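Here is the structure we will look at.
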Amino acid sequence: MTREFKSLKQCFDRLRLKTVAENWDTIATEMTNISQDTEEFLVRLLKAEIDRRDTNLQNRRLVSAKFSGCKTIENFDFNEIKSLDKNLILQLREGSYIQENMNIMFVGDIGTGKTHLSIDFGLQACRLKYSVKFYKAIDLANILLEQANHNNIQNYISYLSKIDLLILDGFASIPFSKMAADYLFQIIENRYEKKINNSINQCGS
């Protein structure tokens, strides 16, 4: 079995072409005149389909996350914040904190890059194929109250409890009503119980 042939079967499995994958051995045996060039062509064709699907999924993750802008680490000036550990930031954004169910909190004054880093971490998580939601904390509080008014609060809390990475912008700098605070706590508690304890909260003056 050639390397291209093995790759072809892997492509079928990835694309969930179950019938083709299961019967390809038989078909290929019967087609004794099949050439390696044909196999290589099919591999490239199917890999292109996989790449297209991956790109579409990535775009859907980005749209679903609803970031407030596009801010990346490449245009973040670490020299402006001397106390920030650049190596730690670069290490964390690789996604280990998501795998290990860790929370991150960015704390600092206005203009110190908290939202910038939060968005970059979220974009990177999307690239790593995690589901992400970004909220201004006050916006999420209002959404939760609105969902409660429509008798849909538990469904919405359940939805947020399953997101791989939840980013709350301005979490500790906004006064919430008791009801909104209770809903936010329920989301955090649910995520903790499901061991999806991954969130990025940024707060400060």
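Key figures for this structure:
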| read-out | value |
| --- | --- |
| Residues with amide H under 5 Å from that of MET105, placed H, sequence gap 5 or more | ASN201 |
| Order of SER118, SER68, SER7, SER158 - criterion: other Cβ atoms within 10 Å of each residue's Cβ, fewest first | SER158, SER68, SER7, SER118 |
| Residues CYS70, CYS11, sorted so that the one with the fewest Cβ neighbours within 10 Å comes first | CYS70, CYS11 |
| Least to most buried among LYS178, LYS6 (fewest other Cβ within 10 Å first) | LYS178, LYS6 |
| Mean projected area (nm²) of the alpha-carbon convex hull when the range 62-195 is viewed from all directions | 8.4 |
| Where trypsin sites (Lys or Arg not before Pro) fall in DSSP loop in the range 67-143, at most 16 other Cβ within 10 Å | LYS82, LYS129 |
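Bear in mind these aren't lab numbers, they're just calculated from the coordinates by the rules spelled out. Quick caveat: nothing in here was measured; it's all calculated off a predicted structure. Positions of Cβ are backbone-derived with ideal geometry, glycine not excepted, and every protein chain shown enters the neighbour counts.
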